[in-house]
Structures are given as structure tokens and as C-alpha cells.
2 protein chains.
Amino acid sequence: MTSSHQIEIRLNAVIVAVTKEEPRLLVVDDAPTSKHALPFGPFNPAADRTLEQGLRGWVKNQTNLQLGHVEQLYTFGDRGRDTYGQSGSERVVSVGYLALTNEAKPGATTNAHWTNWYDYLPWEDWREGEPEILQREIRPRLSDWFHGLPKTTATAALRQRIHLTFGLKSRTWNEELVLERYELLYEAGLIAEAVRAGRKKFEDPGLGKEMHSDHRRIIATALGRLRGKIKYRPLVFELMPERFTLFQLQRAVEALSGTRLHKQNFRRLIADGGLVEETGSVDLHTGGRPAKQFCFREEVLLERLSPGVKLPGKRRAG
Amino acid sequence: MTSSHQIEIRLNAVIVAVTKEEPRLLVVDDAPTSKHALPFGPFNPAADRTLEQGLRGWVKNQTNLQLGHVEQLYTFGDRGRDTYGQSGSERVVSVGYLALTNEAKPGATTNAHWTNWYDYLPWEDWREGEPEILQREIRPRLSDWFHGLPKTTATAALRQRIHLTFGLKSRTWNEELVLERYELLYEAGLIAEAVRAGRKKFEDPGLGKEMHSDHRRIIATALGRLRGKIKYRPLVFELMPERFTLFQLQRAVEALSGTRLHKQNFRRLIADGGLVEETGSVDLHTGGRPAKQFCFREEVLLERLSPGVKLPGKRRAG
DNA sequence: CTCCTTATACTCAGTTTGAGCATTAATGAT
DNA sequence: ATCATTAATGCTCAAACTGAGTATAAGGAG
């Protein structure tokens, strides 16, 4: 019953920022595979009092980032998820974390750098309308896969699952279903990482940019969680500069949600919600009428139970 | 960098059922302390391909329960959370799971038995109006604690936190904040378990029924998650018998949410939502007009993105 | 048959949304 | 200076959704 095998616990961090209206992600280069990987550190039971402290510890050492909100995402322990450097009975269990920051300068000690989140999950960015890759690649290849499967009782359910998660029928894209979509593509063998699980034809480049191990699954988990959570927690503000215009805020939310929003309604929601307060200053570099600058209104945390940025009616296309 | 210390991973399960309009929880007796504990099993890296399979494995062996929905809750790794049988550098990390079932008969192999969820968190049950313990114990003791603290800049925030999570001011009880309330009571030393962390006066029985280790925190996590999730996932149905009346369904939702709902609106929400379909049969034992029996409409999973039971306007008192 | 009880149906006002039109205040070209 | 251009900001309105009732139906007990 006491199975204290050789288990190593790693703390993976999905460190997110939003810079220039783009959601950014801190990655490191995995030397042996030359793929991008999430930064991680070991959990050191002797030194770290809690898991989160362990995480904050190595992030502080390896980067000089000031982390804001940190939240545990999920613990990944599948066998085979880490195929490299795994010897004998050793098993790596990774605890994934989502961490927000607003400073886009990693420390000098690492080979970490910022990349665009949507490089890895290009089908998730609908800000310029439906991503081309969906029409050109995903739909047909998912369709091929689906029709190549033997017909079983689960076929109808799978069809609907495809339609729901990818919004094929109802025309309603649910931006929160990031993980569900990733998993579907993985099952269909359209994700390069799936080759290790034998689900993919060898040599197929797959969709989106490959990452080390199952790290793309972890960022899918993170994006899905973040997209859900900004609606009821004021997380966006951790990604914003001290003062910002409402439109800049909207752009940040759009960057995360991957959708375009109705400007006037967004403004109404934010203003009425008491999430921000005017600073008195204005931003003159708008190209039009100057925009008032706001800052996050801390007090809202004390007033409301779930002060988040509800997404007002999404707009169609660019 | 390779810190493969002695780490043991345990898989804890919060196994939930709803029986006779009460939310039930499967617990075992922890022999040395004679406290209730969550059942758990070891994660065996050699045998278990995934964490969830490990969990399902030992649950199947130890009980003969048929688990429905299983979801990972959180990974707990604080030092000191397991004060018993912890020798030297060994560290226990627990991955908590929520599992739903509808059969209330644990197997013969264990000392597991079902208890009422609210024994451990009595302040969470508002079905008969505001729980007495809130007025009689919690408010005054929280107040004493708060006023006994040194005044700092964080004082106002703490005050608001108390008011928000316990709905003291706004009269709005948010049933999802289970963990937040537990943590607040813990910090205030009103939870018996807190004695181990030195936050509590020795001999103080604390509020609610004590559990082993930090298991009460885990069930608080589970209840909070479940209360949130039933609103957008059809989880309640896993806790229901095959066929049920709308009122029985309402009672189950009320048992979980700990609130009373407006009957007519609940019915409207469920019916309009296409979550159920008539079976044609009726339940004659209602004490009044017979009630139509319904069953879960599986197809809704294929039609809607987040088919859950939104809670319609909560009713006041009994 | 009448009363009691619960199920089920329908109503209605207040609020929240989705969407678009209108107005304001800068900038740069003429 | 004047005007066209560009955003920011303000306002309106109908449709959808909610909270909270009132009304009716269909059993059982007496």
C-alpha cells in the first residue's frame, strides 16, 4: 500500500502577459528537441512549504518576473506524457499553474522568451473573423477522420461533439472550449504531439506549432480557464498597465477571448460594473477624440462577489 | 535539480450522492484519531496509467460503487497537512477528486459509510432559512476575532471579505463560496483542524464536525465546485434515479446548493432548457396531484454547449 | 361531493442584452 | 480658420430573460 516509488513532481507555469494587444506566453527552448516548452521547476519537498511557493520560488530565480495572480490548473500524470529522459520506474507528475504578469521582460538567466499564444492554437483566434485554418484545414481533416471511423453507437455523439466544440452547425463559437477542441484534434491525430501516442501519421506536421511533451495541452487548459475566469474575476487588470483607456482594456479582453466585442456595450458593462475609475488623464494618441484613462477600482473587490468582465455581445468579423 | 525525494502521491475521493433529499458523502473512520476521513488510495506509478485510472482502480477495489462523473479538484501539497505517520523527509501530496454516484451502498470490504455533507459544513445549508449556527456562533466569533486583530491597512479588506463571503451586509448569500468561507473560518481559528496549525485555542471544539487532516478543506473545495458546475453541466442527473419528478430534481439541486428555489421558475428553466423529457409515467405518491416523471434527455448534450441547471431566483426561508 | 395538497400553467413588470444611431473632441489638410 | 476624418462617448429601443405571483388541474382523505 505504501507505494513511494520514484516520483518526481514538477511545477509547470503558463505565464501569461498581454502586450500590444496580443496574448503572450513565456516559453523556453527545449534543447534536445528544439521545441518550445513551458518553463518548469522541481517541487522540492524539503524546501518548499507549499506547491505554490515552490512555483513562485523557481520563477523568481529563473526569471525576474513579478507574478500577479497565480492559480493551480491541473495535475498531469499520464504515463508516456514525458517520453524523454524517463528511465525505469521513474514517473513525472506535473502540476500546471497559470500565472499572470504585466512585465514583458524575462530575466537574463534563462533562455526564456515571449511568444504569441495563438502560434500554438491558431484556431482559437477569431478576432479577424473565422481563422482561415478552420475552413482550410480543420473542417476537412476532421471530416475525413470522422468518416474514416467505423460506425458505432457513439458515432452520432462524436459528430455532435465536433459540431458543438467547433461551432460548425449552430454558428456559435464558444471561446471557452479550448481544451475540448484541443483534445478533439488530438484524438483525430491532427496534433503533432499525438504522434507519440500513435494517433497520428508520422511526418504529418499537424495543426499549430508543436510544443514539448504535453505542454500544448497545458496551455489549452490555461487559456480555457482564463477565458472563463475573466468573466467573474478581475484578472484582466493584472495584465494591464496602471492606467489604460477602455478601448485598450477591450483589446486585452479580446486578445484573451479571441473574439471581437461590441464597443459601446463593453463600455457600458465596465462602467456600470464599477470595475474602473477615471484617473482624470487622457490618452491623446488615439487618432480621434482623446480617450479618458482609467485605472482598476480596487474597491470593487470589496463590493461585489464576482467582479469580472462579462463579454458583451460578440461582434461578427473584423 | 533532480529532487526525487520520497514523495508519495495519494488520490483522495470526495464521493457524493444525494439520497432522500440530502447530499451524502462517503467517509471512512480513521482509526488512530477516530475522525472521519476521505477514502484514498495510493497512486501507483507502476500500475496506473493515469491519475484518474488510479483513482477509479482503488475505488472499485475498496467499494463496489459505480462512479459516474469524475473530476480532478485540486492538488494539495502543504507541509504539515498530514501530521500523522509522516517520517523524516517523506512528503504526501494528495490529488483530490470529486466523484458522483447514485448508488448508496458501499462495498463490504471497507469501513466506509455515508454521512450528511452538512455535518461538516453546517453553515452551508440554508434550505430551512439561515442556519442557526451562523447567527449564534459564527457571526459573534468572527466578530470577536476580527476586533481582536491589530489594525493594519488590510483590516478594511478583511472586514469586507467577511461580509462578502458570509453575506452579512448585502443579504446575498453566494452558495458557491464554500471554500472561501471555510478558509476564513480556518484563519479565524474557528475550525478544529486549525489547532494543528496553531491558529486555534486548544480544546476549542470548533464549528462543524472535524475531519482527518485537511479533508474538510477538500470537501469544501468539492462542494464549491459542484455548486458551480451544476449550473452549466448536467451533473445532477448522475445523482438522480432513472426517472424522477421535477420536484424531486429540484430537491436534489436544493440539497447541493443548500438553498430553496422558486418552484415554478425552476420548472420553467428545466422544461424550456430541454434537459428532461417526459417518460409518460406519473408518481402518485406526492400527497397531491400526481407528478409526471421525467428522465434526463441525453440529446441535450449534443445540442447545447453548457446544459446545466441554472438556479432560478432563490426563495427566502423555509 | 368537498376540502386539502401538490403539480402545472400562465401573467406581468422590472431588468438585462444586443444592436445601432447620434454626438463630441481631437487631428491634419486646405 | 474651416472642414473632413477618426475615435471616444452617449443614448435609444426592442427582444429576451427574471423574479415573483396568481390561477387551474388532478389526485387522496373524509
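Would you mind listing the strands (runs of 3 or more DSSP E) fully within the range B:66-127 where at least 2 residues are under 21 Å from residue B:35 (Cβ atoms), away from chain A (no Cβ under 14 Å) and modelled with pLDDT of 90 or more? Steps first, answer last, please.
Numbers: elements: B:70-76, B:91-100, B:113-116.
Qualifying strands (runs of 3 or more DSSP E): B:113-116.
Would you point out the residue of the range B:218-265, among those that are polar (S, T, N, Q) and out of contact with any Leu (no Cβ under 8 Å at 6 or more places or on another chain), that is nearest to residue B:93 (Cα to Cα)?
Residue satisfying both the conditions and the ranking: B:248.
Scan the range B:1-36 for residues that are surrounded by fewer than 17 Cβ atoms within 10 Å (Cβ to Cβ), more than 11 Å from chain A (Cβ to nearest Cβ) and of a type in the set (Gly, Ala, Ser) and jot them down.
Hits for the range B:1-36 are B:31, B:34.
Specify the residue that is modelled with the highest pLDDT; the eligible residues are those in the range B:139-172 that are of a type in the set (Phe, Trp, Tyr) and in contact with a helix residue (DSSP H, G or I) (Cβ under 8 Å, 6 or more places away or on another chain). Please lay out each step first, then the result.
First pass over the range B:139-172, keeping only residues of a type in the set (Phe, Trp, Tyr): B:145-146, B:166.
So of that shortlist, the ones also in contact with a helix residue (DSSP H, G or I) (Cβ under 8 Å, 6 or more places away or on another chain) come out as B:146, B:166.
Values: B:146: 93, B:166: 89.
Looking at residues that are of a type in the set (Phe, Trp, Tyr) and in contact with a helix residue (DSSP H, G or I) (Cβ under 8 Å, 6 or more places away or on another chain), I get B:146.
Look through the range A:262-279, keep the residues that are more than 8 Å from DNA strand D (Cβ to nearest atom) and in a helix (DSSP H, G or I), and return whichever of them is modelled with the lowest pLDDT. Break it down stepwise before answering.
Residues of the range A:262-279 that are more than 8 Å from DNA strand D (Cβ to nearest atom), as a first pass: A:262, A:266, A:269-270, A:272-279.
Now restrict to residues that are in a helix (DSSP H, G or I): A:266, A:269-270, A:272.
Details: A:266: 94, A:269: 91, A:270: 92, A:272: 87.
Ranking the qualifying residues of the range A:262-279, first place goes to A:272.
Sort through A:267, A:225, A:260, A:233 and tell me the only one that's within 30 Å of residue A:167 (Cβ to Cβ), among the basic types (Lys, Arg) and in contact with a Lys or Arg (Cβ under 9 Å, 6 or more places away or on another chain).
A:260
Any residue that is within 20 Å of residue B:21 (Cα to Cα), within 14 Å of chain A (Cβ to nearest Cβ) and within 16 Å of DNA strand C (Cβ to nearest atom) - is there at least one of those in the range B:267-281?
No, because not a single residue in the range B:267-281 is within 20 Å of residue B:21 (Cα to Cα), within 14 Å of chain A (Cβ to nearest Cβ) and within 16 Å of DNA strand C (Cβ to nearest atom).
In the range A:280-296, how many are near DNA strand D (Cβ under 6 Å from one of its atoms) and in a strand (DSSP E or B)?
Counting residues in the range A:280-296 that are near DNA strand D (Cβ under 6 Å from one of its atoms) and in a strand (DSSP E or B) gives 2.
What residue, of A:248, A:264, is among the polar types (S, T, N, Q), away from DNA strand C (no atom under 16 Å from the Cβ) and away from chain B (no Cβ under 14 Å)? Talk me through it step by step, then tell me what you get.
Working: A:264 fails: away from DNA strand C (no atom under 16 Å from the Cβ).
Just one listed residue meets the conditions, A:248.
Can you tell me which residues in the range A:286-302 are within 16 Å of DNA strand C (Cβ to nearest atom) and closer than 17 Å to residue A:230 by Cα? Don't jump to the end; show me each part of the working.
So the first thing to find is which residues in the range A:286-302 are within 16 Å of DNA strand C (Cβ to nearest atom), and the list is A:286-293, A:300.
Correct list: A:300 only.
Is it the case that residue A:241 is within 16 Å of DNA strand D (Cβ to nearest atom), in contact with a His (Cβ under 6 Å, 6 or more places away or on another chain), more than 14 Å from chain B (Cβ to nearest Cβ) and part of a loop (DSSP other than H, G, I, E, B)?
No; evaluated as a whole, the condition is false for this residue.
The values are calculated or read from the model by the stated rules, or taken from the named source; none is laboratory data. For clarity, every value in this text was computed on a predicted model and none was experimentally measured. Cβ atoms come from the backbone with ideal geometry, glycine included; neighbour counts cover every protein chain shown.
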